[in-house]
Amino acid sequence: MGILEQEIEIKFFYAILMKSNIFALHLIRFKKPKARLCLQWGFIIYFVFLGIGSMTPNLLYYAIPFFVLLLSIEAWFTYKENRNPYDKKDTFSSLGLGIGNVLTGFLTKALIFGVFAFIFKFRLFNLDISKWWFWILLFLSDDFSYYWFHRISHHVNYFWASHVVHHSSEHYNLAAALRQTWTGNATGAFLFWVWMPLMGFPPIWVLFMQQISLIYQFWIHTETIGKMPSWFEAVFNTPSHHRVHHGSDLKYLDKNHAGILIIWDRLFGSFQKEEERPHYGLTRNIGSFNPAIVAFKTWGELFRKAFRSGSLWTGIRYFLHPPGWSHDGSTKTTRQMIEEYNNSNIH
Ligand SMILES: [Zn+2]
Ligand SMILES: [Zn+2]
């Protein structure tokens, strides 16, 4: 290719970039153009990084500086515009929970890799990673596993005790994305993915795709982006869809469990559109900013309830039933709350 053609191509590329830039600017809800530009470019760099860095198995660690940078931009400008979705204690609590998750991950990821590698020995198929369809299959299989992991985490106390951490902030901002469990890996969240090495997906690529999903889910934790274009909202998980997931309002509870693709929620009947602004957090909030208390309190409560129930079977049922379940009706599950609400509206 000659220099002239190259130049034309570069100019064309810039023209497209500027166009999409101006378009994307309208999606961000900051009043000041400078603030919008800053956050928007932050996101663009983060997506470029995701593209380039996607051949690194330890991708997540490289993403962390971008997470901190982006949430600082969001915190600074929302503070300037007096909107303040950031609370100092809440933000440090989120950061602490994120750090704890990375630290526990050092140990547990190695163990999970070992389990996956063992299962991989008994694989049913030899999947060829040099074929394009391998990556499509890997992506869809991971996202499908994530959906069910996440949905069941909201419906079974044993998994909820770990996942509750992610819902513990009453604010919705990029920092809340860092609120991740300390106990999920050790208590078997990876079981939802074990079928993948058995099918023949190499363990390293299963772990890699989980990281891509986690990194993708960072940018959707913001109120600074309204709705994405409708074709995007139809296929992908977006800030709007995920705000619903973090809502504690009755109609928003246990909805939108998607990782990257929202299609699973649409397919399996758990989709809810964002209507009024959600009230973020839990129906009964943890009431602490101490990361260790947030990470373990629900486990403590679960064991206490199980022991106090008086019988082994009732105790076990506490672990298997949805959050809010009680043998004596003293607390209620989402379904019971919805039924109660519907009945009270009929009479
Ligand atoms: Zn959740
Ligand atoms: Zn979330």
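The values are calculated or read from the model by the stated rules, or taken from the named source; none is laboratory data. These figures come from a predicted structure and were not determined experimentally. All Cβ positions, even for glycine, are placed from backbone atoms using ideal geometry, and neighbour counts span all protein chains on display.
Just to be sure, is Thr298 over 19 Å from Ser169 (Cβ atoms), surrounded by 12 or more Cβ atoms within 10 Å (Cβ to Cβ) and of a type outside the set (Gly, Ala, Ser)?
No, not satisfied.
Within the range 251-264, restricting attention to residues that are surrounded by fewer than 22 Cβ atoms within 10 Å (Cβ to Cβ) and part of a helix (DSSP H, G or I), which residue is nearest to ligand 2 (Cβ to nearest atom)?
Residue satisfying both the conditions and the ranking: Tyr252.
From the set of residues in the range 322-347 that are outside any loop (DSSP other than H, G, I, E, B) and among the polar types (S, T, N, Q), which is farthest from Leu302 (Cα to Cα)?
So in the range 322-347, the residues outside any loop (DSSP other than H, G, I, E, B) come out as 334-346.
With the extra rule that they be among the polar types (S, T, N, Q), the set shrinks to 334, 336, 342-345.
On the way: Thr334: 17, Gln336: 19, Asn342: 28, Asn343: 29, Ser344: 30, Asn345: 32 Å.
Residue satisfying both the conditions and the ranking: Asn345.
From the set of residues in the range 266-308 that are in contact with a strand residue (DSSP E or B) (Cβ under 7 Å, 6 or more places away or on another chain) and assigned to a loop (DSSP other than H, G, I, E, B), which is farthest from Gly324 (Cα to Cα)?
Here the answer is Pro278.
Looking only at helices (runs of 4 or more DSSP H) that lie completely in the range 152-250, which have at least 3 residues being surrounded by 17 or more Cβ atoms within 10 Å (Cβ to Cβ) and modelled with pLDDT of 95 or more? Outline the logic, then answer.
Working: elements: 157-163, 195-199, 203-216, 230-235, 239-245.
So the answer is 157-163, 239-245.
For the range 131-149, check the following and say yes or no: at least one residue is at pLDDT below 95, within 16 Å of ligand 2 (Cβ to nearest atom) and crowded, with 17+ Cβ neighbours inside 10 Å.
Among the residues of the range 131-149, not one is at pLDDT below 95, within 16 Å of ligand 2 (Cβ to nearest atom) and crowded, with 17+ Cβ neighbours inside 10 Å, which makes the answer no.
Looking at this structure, is Gly287 out of contact with any helix residue (DSSP H, G or I) (no Cβ under 7 Å at 6 or more places or on another chain), under 25 Å from Ala175 (Cβ atoms) and among the small types (Gly, Ala, Ser)?
Judged against the criteria, Gly287 is a match.
State the number of residues belonging to the range 220-246 that are within 11 Å of ligand 2 (Cβ to nearest atom) and either more than 14 Å from the chain's Cα centre (by Cα) or not aliphatic (A, V, I, L, M) (or both).
So the first thing to find is which residues in the range 220-246 are within 11 Å of ligand 2 (Cβ to nearest atom), and the list is 220-222, 237, 239, 241-246.
Then keep just the ones that are either more than 14 Å from the chain's Cα centre (by Cα) or not aliphatic (A, V, I, L, M) (or both); that gives 221-222, 237, 239, 241-243, 245-246.
Count: 9.
Please enumerate the residues belonging to the range 154-167 that are within 12 Å of ligand 2 (Cβ to nearest atom) and closer than 13 Å to Asn101 by Cβ.
Once the filter is applied, which keeps residues that are within 12 Å of ligand 2 (Cβ to nearest atom) and closer than 13 Å to Asn101 by Cβ, the range 154-167 yields His163, Val165, His166.
Within the range 228-239, how many residues are closer than 21 Å to Phe67 by Cα and away from ligand 1 (no atom under 16 Å from the Cβ)? Before you say what the answer is, go through the steps one by one.
First, pick out the residues of the range 228-239 that are closer than 21 Å to Phe67 by Cα: 228, 236-239.
From what's left, away from ligand 1 (no atom under 16 Å from the Cβ): 228, 236.
Total meeting the criteria: 2.
List, please: which pairs have Cβ atoms under 8 Å, are six or more places apart or on different chains, and start with a residue in the range 131-158 that is within 30 Å of Lys305 (Cβ to Cβ) and not assigned by TED's automatic domain parsing to the domain that holds Arg335 and end with one that is hydroxyl-bearing (Ser, Thr, Tyr) and within 16 Å of ligand 2 (Cβ to nearest atom)?
Hits for this filter: Tyr146/Ser213; Arg151/Ser270; Ser153/Ser162.
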